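What follows is one structure encoded as structure tokens, with my remarks underneath.
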Amino acid sequence: MQATVDEAVDRYLASVDRALPGRVSGFYLVGSAALGAFQAGRSDIDFVALVDHRLSPAELASLNRAQRHLYRAALVESVSSLPWRWPLVCNGVYVLKEDVARSPLDVVPLASHVGGRLTADAGFDVNPVTWRILAESGIAVRGLAPAKLRIWRDDAELRRWTLGNLNGYWRRWAGDLRRPGQIAAKALLLRYVAWGVLGTSRMHYTITTGDIATKTQACTYALGALGSGWQPLLEETRAYWTGASRPQHATPRLSRPRVTSDFVLAAINSAVVIAARAGPPI
């Protein structure tokens with residue numbers, strides 16, 4: 001599994017170095033690869049890349065072409081493999097090297113990659129969760145060790161941002177699952193269910209403990225923290241994510257959007273209560 005990650009990262013960096021010769025001075029793995037929770041066929045490879053000064057429009061265009069080429073190659077590889085697996089891609093953000101010493105909420109990323117798309121001057125992963133993983137578990141593929149980067153850390157900011165993300169994006173997402181449409185249709189697929197269930201479980205864990213959990217750790221945590229009534233959904237989600245056999249008592253496929261919405265809203269409401277009990281500074 002580590003060989004799979006290393007090969008993908010080497011391929012990505014070689015492509016980036018051809019597109020941006022000498023420009024990437026630091027490259028760090030975050031996300032599941034850094035937390036020791038990478039799941040082949042499920043996980044992406046998340047990164048933070050550091051550069052010394054802003055990227056020009058020509059450099060952004062070159063980077064975009066490189067990313068699109070890599071993504072197409074990953075799609076072809078995934079389609080031709082048996083059994084089919086989610087395409088393995090490197091997703092991440094480009095920031096100035098000094099930006100990691102600042103609050104991520106004050107940082108405007110130079111660019112970000114998600115799948116085959118490059119976006120300039122934006123990137124969701126410039127946030128307190130990414131900065132915390134970078135500081136505590138980040139893997140330096142290129143550049144100084146994370147401990148020498150003076151990475152910004154603010155426990156109250158981490159909890160506050162997480163609660164805001166739950167109350168904003170994820171509450172709307174759960175509401176959309178209750179209405180006929182594309183989002184509810186996606187929730188018929190376990191990958192989309194896992195994204196919501198495991199994602200909000202991780203955030204509940206962070207608000208409760210101040211730490212970061214992997215997806216599987218958060219699932220185990222949620223089984224205890226959010227009540228036994230969610231056991232079928234959580235166990236099915238965990239089995240999907242780890243590649244285990246589907247549990248005998250699983251959520252009926254057509255019920256997944258409603259049950260997933262109920263779980264996500266329950267997790268959000270529970271986190272709101274926990275944050276309120278904690279009082280300031282959250």
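Things to note:
Quick grid of which residues meet (1) under 24 Å from residue 85 (Cβ atoms); (2) touching a His at 6+ places or on another chain (Cβ under 8 Å); (3) assigned by TED's automatic domain parsing to the domain that holds residue 24:
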{"site": "109", "(1), (2), (3)": "no, no, yes"}
{"site": "122", "(1), (2), (3)": "no, no, yes"}
{"site": "126", "(1), (2), (3)": "no, no, yes"}
{"site": "174", "(1), (2), (3)": "no, no, no"}
{"site": "186", "(1), (2), (3)": "yes, no, no"}
{"site": "201", "(1), (2), (3)": "yes, no, no"}
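- Close contacts from the range 132-157, counting a first residue that is farther than 24 Å from residue 10 by Cα and a second that is buried (at least 18 other Cβ atoms within 10 Å of the Cβ) and of a type in the set (Phe, Trp, Tyr), with Cβ to Cβ under 9 Å and a gap of 6+ residues or different chains, come to 151/131; 152/131; 153/131; 154/131.
- Only one entry in 164, 143, 115 is within 18 Å of the chain's Cα centre (by Cα) and at positive phi, namely 115.
- Looking across 244, 225, 239, 250, one residue alone is surrounded by fewer than 19 Cβ atoms within 10 Å (Cβ to Cβ), assigned by TED's automatic domain parsing to the domain that holds residue 274 and in contact (Cβ under 8 Å) with a residue 40 or more places away in the chain. It is 225.
- Selection within the range 211-222: residues that are outside any helix (DSSP H, G or I) and of a type outside the set (D, E, K, R). The member of this set that is surrounded by the fewest Cβ atoms within 10 Å (Cβ to Cβ) is 214.
- The residue list 162, 119 contains one member that is among the β-branched types (Val, Ile, Thr) and without any contact (Cβ under 8 Å) to a residue 12 or more places away in the chain, which is 119.
- Criterion applied to 141, 129, 108 was being buried (at least 17 other Cβ atoms within 10 Å of the Cβ), aliphatic (A, V, I, L, M) and not in a helix (DSSP H, G or I), and the one residue passing it is 141.
- Of all residues in the range 75-103, those being aliphatic (A, V, I, L, M) and either buried (at least 20 other Cβ atoms within 10 Å of the Cβ) or in a loop (DSSP other than H, G, I, E, B) (or both) number 6.
- Every residue from the range 11-34 that is surrounded by fewer than 20 Cβ atoms within 10 Å (Cβ to Cβ), part of a helix (DSSP H, G or I) and not hydroxyl-bearing (Ser, Thr, Tyr): 11, 13, 14, 17, 18, 19
The values are calculated or read from the model by the stated rules, or taken from the named source; none is laboratory data. Bear in mind the structure is a predicted one, so any value in this text is a computation, not a measurement. Glycine also receives a Cβ, built like all others from the backbone with ideal geometry; neighbour counts cover every protein chain displayed.
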